[in-house]
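Since the structure comes first, as structure tokens, the remarks are kept for the end.
The values are calculated or read from the model by the stated rules, or taken from the named source; none is laboratory data. The structure presented is a predicted model; accordingly, all values stated were derived computationally and were not measured. Note: ideal-geometry Cβ built from the backbone for every residue, glycine included; neighbour counts use all protein chains shown. Ligands, DNA and RNA are excluded from the accessible area calculation, which covers all protein heavy atoms including side chains. Shrake-Rupley method; radii C 1.70, N 1.55, O 1.52, S 1.80 Å.
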Amino acid sequence: GAISGKETWAPNNTAVFNKALAAALPGDTVLVPAGKNFFALGGILATNLQNVTFSVAGTVTALDDLDHWPTSGSKCLGFIVFDSCKGLTINGGGLIDGMGKRWWNENIIGTFRKKRPKLVTIQNSQDILVEHLNMLNSPSFHLLLSAVQRAEVRFVKVEVDRQKQKELKVILSQRRRQQQQLQLGDWPLQPEDLNTDGIDPSGEDIYIHDCSILNDDDSIAVKPCSMSSCNLPCTKNLLIENMVLTGFGASIGSVPPHADNNCVRNVTFRNIQMPGTGKGIYVKSNPACDEPGKTGTIDNILYQNITITKPLWWAIWIGPQQQQEPGSALGTKCSLFYPIDPRCTTQACVTFTKIVLKDVFIEHPLLSPGVIKGNVSNPMDVTFDNVQVSNPGKWPYNHTYQCQHTKLTVLRPSSPLPQCAV
């Protein structure tokens, strides 16, 4: 059986978890007992479970043994993966610890270039409940819900050591400034991308509520679907509410174009508190219109009753994804240092329609309140309905927004009001 408290037993514990999950029958519970800490390596995989509960009352720790972590090509296997399950419940009130600090160190400072593992992945599954769970310091994403249908996530806490990530971002930012010859002075932001997302859902009929996420990348990132990626035509019908998010966005995307049309539709973020966040509202395409016929859709997105307090970066960003992962070239992407680095183009192959911001309150943003950046041949469709900014930063847009190639509808008064040119 599994042995707690022994790092050297991690490979054996992985095998024990796999054996227990493979043997689980409908109605069974696989229990991680309270007061115990089981070290394991990646490759915990459960497939085709029916009405099984995985109850983490104690702690499961992903041992940071990069040399022995199982891989597939250039990717590290996920730590815990549930595939093609129905009626799965994950609960218990315990902790899944990703021990991510060494992974981040090696990725930023060292030479490790394999794709880091995600902490918990649930994919191609239906009727899912994740509740009363704590997740800490994933090497990469914390909870990935990929191509799921009828899923609920509630009372989940995600936390990242933001101070450690900030230290690494300072190093990476200094390198990038030198490479791109940017003169930033003592710019306080460290907008580097370490991909420690909180909860990333795709699929249909997903309800995420009453969770707390403190991280240093997208707190929530709703991912697109297409028939080829999810066997579903669109990610749709998501409600995300009653959340506290401090990270880099209550996000849609990124949505890259695809031959099958990548799609996100009918998503509501409601009753969201974002104290001291980096980014706030973040709706993003992926600038990759390099092949004819590839398209993407972002449609019917509502942000309602959102409070963003003292954001350190853009309170509102609707446009191309700002991204440049460690060691990668910028290419046609939007620079993380925009507008100091002016390279940031919204391509026309992803369509933004019915993006509504209603009862949004932004308090003391460090920068000007935001960027709304469409394409001249495919303008965005955005509605402001009582969007209020108190004490917006002067730089870089003199206390207001940059708004380009956007059809703006104004319902109740908003201040400042974006001056948008189609």
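Measuring only protein heavy atoms, the 1.4 Å probe finds residue 9 accessible over about 80 Å². Max-minus-min Cα coordinates of the stretch 278-422 on each principal axis give 41, 31, 23 Å, with the largest extent listed first. As a test of the formula, what do you get for the chain when each DSSP H run with n ≥ 4 contributes -39,500 (n - 2.57) and the sum is divided by the residue count, at 222 nm and rounded to the nearest 500 deg cm²/dmol? Helix contribution divided over all residues of the chain: -3000 deg cm²/dmol.
Among rounded, prolate and oblate, which fits the stretch 40-91 when a ≥ b ≥ c are the square roots of the eigenvalues of its C-alpha gyration tensor, a/c under 1.5 means rounded, and a/b larger than b/c means prolate? Walk me through the numbers before you get to the answer.
Details: a/c = 4.33, a/b = 1.54, b/c = 2.82.
Because a/c hits 1.5 or more and a/b fails to exceed b/c, the stretch 40-91 counts as oblate.
Checking every one of the trypsin sites (Lys or Arg not before Pro) in the stretch 318-392 against DSSP loop status and a limit of 16 other Cβ atoms within 10 Å picks out 343.
From most to least packed by mean Cβ count within 10 Å, the peptides 21-33, 99-111, 296-308 give 296-308, 99-111, 21-33.
If you take all other residues with their beta carbon under 15 Å from the beta carbon of residue 24, and give Lys and Arg +1 and Asp and Glu -1, the sum is 0.
Cys residues of the chain that find no other Cys beta carbon under 4.7 Å: 76, 85, 211. Our coupling estimate for the stretch 343-360, obtained by passing each phi through the Karplus curve with A = 6.51, B = -1.76, C = 1.60 and θ = phi - 60°, is 6, 6, 10, 8, 6, 8, 7, 10, 9, 9, 9, 6, 8, 10, 10, 10, 6, 10 Hz, Gly and Pro reported as x.
For the stretch 1-138, the square roots a ≥ b ≥ c of the C-alpha gyration tensor eigenvalues yield an a/c of 1.5 or more together with a/b exceeding b/c, which makes the shape prolate.
The H on the amide N of residue 225, modeled in the peptide plane, is under 5 Å from the matching H of 235, 263, each at least 5 residues off or on a different chain. Projecting the Cα atoms of 347, 390, 418 onto the dipole axis of the stretch 332-422, where Lys and Arg carry +1 and Asp and Glu carry -1 at the beta carbon, places 347 farthest toward the positive end.
Would you mind counting up the charge near residue 137? Only other residues with Cβ under 11 Å from its Cβ, with Lys and Arg at +1 and Asp and Glu at -1. Write down the numbers at each step before the final one.
Details: positive: 101, 102, 162, 164; negative: 64, 97, 159, 161, 216.
Local net charge: -1.
The angle between the Cα long axis of helix 162-180 and the longest principal axis of the Cα atoms of the chain comes to about 50 degrees, rounded to the nearest 10. Applying the Karplus relation 6.51 cos²θ - 1.76 cosθ + 1.60 with θ = phi - 60° to the stretch 148-154 yields 3J(HN,Hα) values of 9, 10, 6, 10, 10, 10, 8 Hz, where x marks Gly and Pro.
For the chain, the share of alpha carbon pairs falling in successive 10 Å distance bins from zero is 5, 22, 32, 26, 12, 3, 0 percent. Here the Karplus curve 6.51 cos²θ - 1.76 cosθ + 1.60, taken at θ = phi - 60°, turns the phi angles of the stretch 252-264 into couplings of 10, x, 6, 10, x, x, 8, 4, 8, 6, 5, 8, 10 Hz, with x standing for Gly and Pro. For residue 375, the amide hydrogen comes within under 5 Å of the amide hydrogens of 380, counting only partners 5 or more places away or on other chains and with H modelled in the peptide plane. Computed with a 1.4 Å probe over protein heavy atoms only, the accessible area of residue 254 comes to about 20 Å².
The overall shape of the stretch 215-255 is oblate: from the C-alpha gyration tensor, with semi-axes ordered a ≥ b ≥ c, the ratio a/c is 1.5 or greater and a/b is no larger than b/c.
So for each of 220-229, 69-78 I average, over its residues, the number of other beta carbons within 10 Å; can you give me the resulting order with the highest mean first? Don't jump to the answer; show the numbers that get you there.
Working: 220-229: 21.8, 69-78: 15.4.
With the highest mean Cβ count within 10 Å placed first, the list reads 220-229, 69-78.
Remark: accessible surface ordering of 399, 68, 258 (largest first) is 68, 399, 258, probe radius 1.4 Å. Against the longest alpha carbon principal axis of the chain, how many degrees, from 0 to 90 and to the nearest 10, is the axis of helix 10-23 turned? On a 0 to 90 degree scale, this one is about 80.
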